[in-house]
Amino acid sequence: MIRLFEKGVFVTKGEKVFDTLEEMTSFTGMSVSNPSGDVLFGEAAKKEASRNTMAYGILKAHNISDDMEHLKLKFDSLTSHDITYVGIIQTARASGLKEFPIPYILTNCHNSLCAVGGTINEDDHKFALSAAHKYGGIYVPVNLGNIHSINRELMAGSGKMILGSDSHTRYGALGCMAVGEGGGELAKQLLNRTYDFTRPETIAIYLTGKPKPGVGPQDVALSIVGAVYKSGYVKNKVMEFVGPGIHELSIEYRNAIDVMTTETTCWSSIWMTDEETERYYRLVGRPNDYHEVRPGTVAYYDGCVYVDLSTIECTIALPMHPSNIYTIRELKENAADILHETEVNMNRQIKGASFDLMSKLRSDGQIEVQQGEIAGCSGGTFDGIMAATDILRGKTIGNGAFSLSIYPGSMPTLAALVRNGAVSDLISAGAVIRECFCGPCFGAGDCPANGEFSIRHTTRNFPNREGSKPDEGQMAAVALMDSRSIAATAAAGGILTAATDLDIEYSVPEYEFDSRIYETRIFNGWGRPEPEKDLFFGPNIKDWPDMPEMSDDMLLRVCSYIDDPVTTTDELIPSGETSSYRSNPERLSDFALFKRDPLYAGRSKEVRSMDRARIEEGVIPDEIMKVYDSLKKVGISVDPVKTNIGSTIFANMPGDGSAREQAASCQRVLGASANFARQYATKRYRSNCINWGMVPFLIDDPEIIENGDHIFVPDIRKAIAENKEEIQAYCIKKDGQVIPFMTATGPLTEDERQIIIDGCLINYYRLH
């Protein structure tokens, strides 16, 4: 049972939850007092008790300003993988980087496969190693571990904060607040700037009860995602895990739930620590990084998600979002209706191909799947793989179409599984043990055949996350499940099966962490930069192109109009093979919106050519002069030579999912100057737009505009500088009709306003 509270709650000692202050006082005799000892009531009591959350204390410790409402945060360490670190270092380098001011871990777990693009992935890895030498970084070689397993084992610490350029940067179960952001925010930290953010609300995730045998962390996580995602209950907020149920969970169980909090669209997460947390820090050889993290005696939360762990069932998230959840029992009982509805929704969302999900329903009512994956930071934990081993020991997955691949989260995890015999048991059952690689999460590695259905203990099942190419007629589908139910399905030869349907005695072996595996292979240059060292540049590693600063007025052409309810970062810039070009801004930009609107890049390039001709030659094409003539007829004058011409897109809610800044930077490289949206799915995507000099416009009535229209925004530079709540704009239709409308940006910090005016973060640092 999961219940969302309509209002805020009080929690005492992290263990009991109360709807009101009066109820709490009556039941416990506790009250809320200010520092002077005066007993407080009403809003004053809520405000004072809100300072007793774990989140407030950690944020206060990392806020370098005196204002706890408008934070200026400095993080303890940074982390990036090989899809993002080249762009971040190039941005910081262009902005004056001399050395890394805090520990920066560079992992190589995403672009590990080098079949696409020749040597360019390995070139990026050598670039990172040279940067670790030159600037004093920490380099983790290819396949030694995925980014989040590495940070859990080596960097997370109680009360610390870590900023990563991967959206699943979450170490809250270890008492460490971690945030996934676009590369621009990491570049700021590398340049000794701050992460500026209005203090988020904090939501209690109250856990009680104990999970049934066979119910795993993915079942709990998906149940929470399904309960909160669509309503935005925790959007851009901190999820703070409290309650007695925490003590019933192993640390790896908590880690696997915690990493999935990203799929709720929360900003960060934090958990109470206990003896189990302390045991983990001792296990990985860092006992001094453990400190007790608990809320105060009475803490106030802006909302509460009440989770009775004993009621959670084995759960599946059907395509194409982690919030599209059903219990496996419910799905099997209503298979025809649920699969049909999912199929219709899938094919409405995907452009260029269709998927026959109903073909997976057999005449006997069973559901067939063709592939199982247990992988990475969510599924590839020691505990998760051991549970799968217990289910598969002595069994076989058979020699049919079904296959099972297992990707341990780190080499120490794999070594422990080898030592205790689990790997032998899994291989004997027919599983394939893969490298420490994040590929199954984003569409690289073990891509199913066309028409196949894959079940995965990974983080996402967005469109194309399994590597299919609908534009070429290729379509597969992914559902998310826990490793336990995946193993149960594997033991049944690919017939969808809940782990709770089996009678299994689960072993709980100790994870034997071998630190030598890291000590002998990781290059740790932190605190020892070698400025005389040269960076390694492969032929595909290119500098960022110049970006123009904002002119007084702005003319935009709408180059894509997307009316889907949500547009993911995977649709804005696809993952998979395109990742090989992440270090080449121009080449990568050709893939922008490629899966969703294949003509977008070409349209945007046309606009970019017009603006370059304006800047370099003072030439304004006839198409643009006709737009200005239409404006002149309604009394609006324009100086064509001094007005930027940029492209823009409209999407109802863009930016759900990955932190990858390329979702925004590729648009900017193609000449984009803005986005229009009803709302932005995540804070990180909006920040990416801002850091790349694009105005994050909001529009209440998008029906005013359509693809191919032009939008003129007079005095935009002044409006941004003054942070105006409303901005006048004009839509110029193809027939010359001019429609006035109001738009807005939402609140912008002083630095954000200047970044947009200067044209991008790189320009901002050059000029200031």
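The table that follows gives values for the structure above.
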{"item": "Subset of the range 405-425 (residues that are touching a residue at least 60 places away in the same chain (Cβ under 8 Å) and assigned to a helix (DSSP H, G or I))", "result": "M411, P412, T413, A415, A416, R419"}
{"item": "Qualifying position, being under 30 Å from E313 (Cβ atoms), surrounded by 14 or more Cβ atoms within 10 Å (Cβ to Cβ) and touching a Ser or Thr at 6+ places or on another chain (Cβ under 9 Å), among M54, M30, M24, M1", "result": "M54"}
{"item": "The listed residue being assigned to a helix (DSSP H, G or I) and in contact (Cβ under 8 Å) with a residue 40 or more places away in the chain, out of S579, S551, S583", "result": "S579"}
{"item": "1 or more residues buried (at least 24 other Cβ atoms within 10 Å of the Cβ) and out of contact with any His (no Cβ under 9 Å at 6 or more places or on another chain): qualifying helices (runs of 4 or more DSSP H) within the range 308-403", "result": "328-333, 382-392"}
{"item": "Subset of the range 363-404 (residues that are in contact (Cβ under 8 Å) with a residue 60 or more places away in the chain and either on the phi > 0 side of the Ramachandran plot or among the basic types (K, R) (or both))", "result": "G376, K395, G398"}
{"item": "Residue that is modelled with the highest pLDDT, among those in the range 636-670 that are among the charged types (D, E, K, R), within 19 Å of N584 (Cβ to Cβ) and in a loop (DSSP other than H, G, I, E, B)", "result": "E661"}
{"item": "Given (1) more than 24 Å from the chain's Cα centre (by Cα); (2) among the charged types (D, E, K, R); (3) part of a loop (DSSP other than H, G, I, E, B); (4) under 24 Å from Y680 (Cα atoms), number of the condition R557 does not satisfy", "result": "(3)"}
{"item": "Residue within the range 735-751 that is surrounded by 24 or more Cβ atoms within 10 Å (Cβ to Cβ) and either closer than 28 Å to L97 by Cα or at pLDDT below 95 (or both) present", "result": "no"}
{"item": "Qualifying positions in the range 130-189 - among the hydroxyl-bearing types (S, T, Y) and in contact with a Cys (Cβ under 7 Å, 6 or more places away or on another chain)", "result": "S149, S158"}
{"item": "Criterion (over 26 Å from A449 (Cα atoms) and at pLDDT 95 or above) met by exactly one of I397, I406, I385, I391", "result": "I391"}
{"item": "G655 vs. criteria among the small types (G, A, S) and under 30 Å from D629 (Cβ atoms)", "result": "no"}
{"item": "Scan of the range 130-152 for residues that are within 14 Å of N524 (Cβ to Cβ), surrounded by fewer than 24 Cβ atoms within 10 Å (Cβ to Cβ) and either aliphatic (A, V, I, L, M) or under 21 Å from the mean Cα position of the chain (by Cα) (or both), ordered by number", "result": "I138, L144"}
{"item": "Enumerated helices (runs of 4 or more DSSP H) restricted to the range 426-523, each holding at least 1 residues that are aromatic (F, W, Y) and buried (at least 21 other Cβ atoms within 10 Å of the Cβ)", "result": "439-442, 516-519"}
{"item": "Single unsatisfied condition, E263 versus (1) among the charged types (D, E, K, R); (2) under 27 Å from S515 (Cα atoms); (3) buried (at least 24 other Cβ atoms within 10 Å of the Cβ)", "result": "(2)"}
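Each row is one residue, and each column tells you yes or no for (1) under 25 Å from N707 (Cβ atoms); (2) loosely packed, with under 13 Cβ neighbours inside 10 Å; (3) modelled with pLDDT under 90; (4) not assigned by TED's automatic domain parsing to the domain that holds I705.
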position	(1), (2), (3), (4)
E577	no, no, yes, no
G602	yes, yes, no, no
E606	yes, no, no, no
L631	yes, no, no, no
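The values are calculated or read from the model by the stated rules, or taken from the named source; none is laboratory data. What you are looking at is a predicted structure, and each value in this text was computed from that prediction instead of being measured. Here the Cβ is made from the backbone with ideal geometry for all residues, glycine too, and neighbour counts use every protein chain on show.
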